[in-house]
Amino acid sequence: MRARAGDPPRTMAQKILAGRCSDPLLSGEMVEVKVDQIVLTRDPLRAVAEAREAGLKKTSAEVAIVYDTMCVTAASGRDAIAKAEERRAGLTDVLAHGVVVARPGVGFAAPVHLERFASPARLCVTDDPRLASVGGIGMMTLVVAPGLLAQALAQGSIWLRPPRSVQVLLSGRTRPFVCARDVALELIRRGLGEAVTRIETQYQAPVVIEFAGPSARLLSVGERAVLSGLAPQLGAAGALFTSDERTEVFLRDQRRSKAHRALVPDAGAPCDEVLNVDLGAVDPLFMDEAGNVRSVRDLSGKPVTQVILGGDSGATLRDMFAAAALLKSKRVPARVEFLVAVPSRQMLEVLSASGALTDLLATGARLVEPDARVMTGELYPSTGGGISARTHDLEPGALSPKPVAVASAETLAYAVANGEMGDPRSFKRPVRVTIPRVLPTDDVLVVRDRKGTSDGSKKAAATAIAPTPWKGSSTLELVDGPARIGAINGAGASAVLCGTLDEVREVVTRAPDIAQTVRAVLAPFIPSASVAVLSGLGIAAIRIDAGAQKSLKESLKAGKTFALPAPSHFPDKEPTQVALGAGKIALTWLARGAERSWASAGTARPPAAPARSRG
């Protein structure tokens, strides 16, 4: 995207938003921007139902798509069967609104969208944080509340806070047996998350991670997607890579060359922090269940009971080929369960045609469907007794087995070959992988409304959820972390006390389902993007300091309740003192501008447009 003469230097995120906003300087506390793409995966029928309430007829978005991520369904129980039928009927109905439906089996949402729909220098809104990885193609992806998704579908725009940027400059060249997953783990170890938290706390604005530098052009779009997928773990609103000749080649191979636009930051663009990373200094790494990143040598010799290769993040097509080559003629040890979850149908066809899939199956691998519940551990849980290793990032609060290790595909290949964790550099020689340039692009599992075949007057399979307004003061039951939310459902309103970013992320993920019960989230750090999602559901996002956290913990032990003041009691950007027992604690309501009205109304859904009179 080219800057106009006289424009100030801009980051990539500012360029994307400025071109879609009536205020190109992004000077307001909240700005309205036009949306290019809408991706729904978590609760698509609710978002479409809310969009109908806002007056949706035909969406004006460049792409609006629903990914049906439930591949494995229960065949028993009348309720389960009825729910599945209702979901299928609802997804067929959304076609009438110009929304595309990707059927089960097409792959995990993020890698499929990267291949078939994502475009550089565009803005995408979604309900799925895992879509952050499409920033590898240069498309900005933001998670927003169901009400804003409804506004995007019905009116084509949303309101958001202008973001800040942290720049990661890549230099050098990766060594053998070091891949994009290791680089991503190195960024976590180098403190990129701390930088994001620092900028967020200082400016109270969402942070976008921007990757650039001389070595960015050496990375494939798939490898860039692995790095971009880090954003949710670090508290960032999203991530962006430059769009260059490598991006253009990727789109040409996908037969979408017309979608290409160049995207680079301007010289002197105002980044708030810069992190320099030498790719040549990165070693094979892994992340343990506590989120600590260490060298794979620290796990050397530890037995493995389960390996999951693939998933929606952490494994590129090149990584799948490399793992197949390293495991050729090997056999899975008796105590190891080896599962292969190929990220997309396109990758599955390429691996099958090349013989790489046959090599993996001959090793003893089991091919599993690309169901979203693979990410949470609901499907294919480990039998225990050893480490469960996988390439994909875990969902916050996932039902994953412990201990668990997240590592690269080549590290996992070593684990499969030897039955234990170890350094992949122990293989005799590195593999040389050639990726086919001719890729299958037949979207056989992508359904579109052809010639108006869908019945737009059909009754919706889901209805918009009635908002729960926050108008006055409330007495709430204190809950220690998201794991305890289920214990109080139906017992009255509650406030959830979170101590870590992962706990906040888990609450935000579950927020659409618990918004009728949870009225406030209290934590030392809540990212601005999460504040917007919570506010859009009528949940107060409140920052507390260490003293307040300690007092609230003591109140939990004593079984005391928490008094949430009315919205009018909270000053803008300043803490307010609230009585707790015999003392007081400082609370800061983090919502800004329109977010405050959303929280008070219980929804960010705009009112329906008035019907036009005839005559």
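Every number here is computed from the coordinates shown, using simple stated rules; none is lab data. Note that the structure is predicted; figures quoted are calculated from it, not measured. Quick reminder, even Gly has a Cβ in these numbers, built from the backbone with ideal geometry, and neighbours come from all protein chains shown.
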Of all trypsin sites (Lys or Arg not before Pro) in the stretch 28-108, the ones in DSSP coil with at most 16 other Cβ atoms within 10 Å are K57, K58
Relative contact order of the stretch 474-601 (C-alpha contacts under 8 Å, at least 6 apart) in percent is 25
For the pair L25 and R173, the simple spin-label estimate (label points 7 Å beyond Cα toward Cβ) gives in nm 4.7
Placing +1 on each Lys and Arg Cβ and -1 on each Asp and Glu Cβ in the chain, then taking the dipole about the Cα centre, the residue among L56, Y380, T141 whose Cα reaches farthest towards the positive end is L56
Karplus-derived 3J(HN,Hα) from phi for the stretch 547-562 (6.51 cos²θ - 1.76 cosθ + 1.60, θ = phi - 60°), whole Hz, x at Gly and Pro, runs x, 5, 4, 5, 5, 5, 4, 5, 5, 4, 5, 7, x, 7, 9, 10
Relative contact order in percent for the stretch 167-236 (Cα pairs under 8 Å, 6+ apart) equals 54
Here the alpha-carbon Rg of the stretch 474-601 over 2.2 N^0.38 Å rounds to 0.94
So A262 and N292, fully extended at 0.36 nm per residue minus their Cα-Cα distance, gain in nm 7.2 nm
About its Cα centre, the chain carries a charge dipole, from +1 on Lys and Arg Cβ atoms and -1 on Asp and Glu Cβ atoms, whose size in debye to the nearest 20 is 860
The local net charge around G311, scoring Lys/Arg +1 and Asp/Glu -1 for residues other than G311 whose Cβ lies under 13 Å from its Cβ, equals -2
Net charge (Lys, Arg +1; Asp, Glu -1) of residues whose beta-carbon lies under 11 Å from that of L299, L299 excluded, is -1
The chain: antiparallel bridges as % of DSSP beta bridges, rounded to 5, reads 35
Sorted on mean Cβ neighbours within 10 Å (highest first), peptides 199-212, 435-448, 331-344, 418-431 come out as 199-212, 331-344, 418-431, 435-448
Applying the gyration tensor rule to the Cα atoms of the stretch 12-281 (axes a ≥ b ≥ c; rounded if a/c under 1.5, else prolate if a/b exceeds b/c, else oblate), the class is prolate
Here, D278 and T463, labelled 7 Å along Cα→Cβ, have an inter-label distance in nm of 6.4
In degrees rounded to 10, the 0-90 angle between helix 78-93 Cα long axis and the longest Cα principal axis of the chain is 90
Honestly the stretch 232-272 on the Cα gyration tensor test (a ≥ b ≥ c root eigenvalues; a/c under 1.5 rounded, otherwise a/b vs b/c for prolate or oblate) is just oblate
For the stretch 285-426, the dipole about the Cα centre with charges only on Cβ (Lys and Arg +1, Asp and Glu -1), to the nearest 20 debye, works out at 440
Expressed as a whole-number percentage, the relative contact order of the chain with C-alpha contacts under 8 angstrom and at least six residues apart is 16
If each K or R counts +1 and each D or E counts -1, the residues other than E574 whose Cβ falls under 13 Å of its Cβ total +2
Of the residues A417, G311, H392, the Cα lying farthest along the dipole of the stretch 285-426 towards its positive end, which is defined by charges on the beta carbon of Lys, Arg, Asp and Glu, belongs to A417
Expressed in nanometres to one decimal, the distance between label points 7 Å along Cα→Cβ at T358 and A563 is 7.5
Under 5 Å from the placed amide H of I526, counting only residues 5+ away or on other chains, we find none
Highest mean packing first, using Cβ neighbours within 10 angstrom, the peptides 522-531, 109-118 sort as 109-118, 522-531
For the stretch 161-258 (alpha-carbon point model, no solvent) the Debye-based log₁₀ I(q)/I(0) at q = 0.20 Å⁻¹ works out to -1.00
Full extension between R432 and V444 adds, at 0.36 nm per residue less the Cα distance, a length in nm of 1.2 nm
The extension gain from D545 to M70, computed as 0.36 nm times the residue separation minus the Cα-Cα distance, is 167.0 nm
Rounded to the nearest 0.05, FRET efficiency between R484 and D572 (Cβ-Cβ, R0 41 Å) equals 0.85
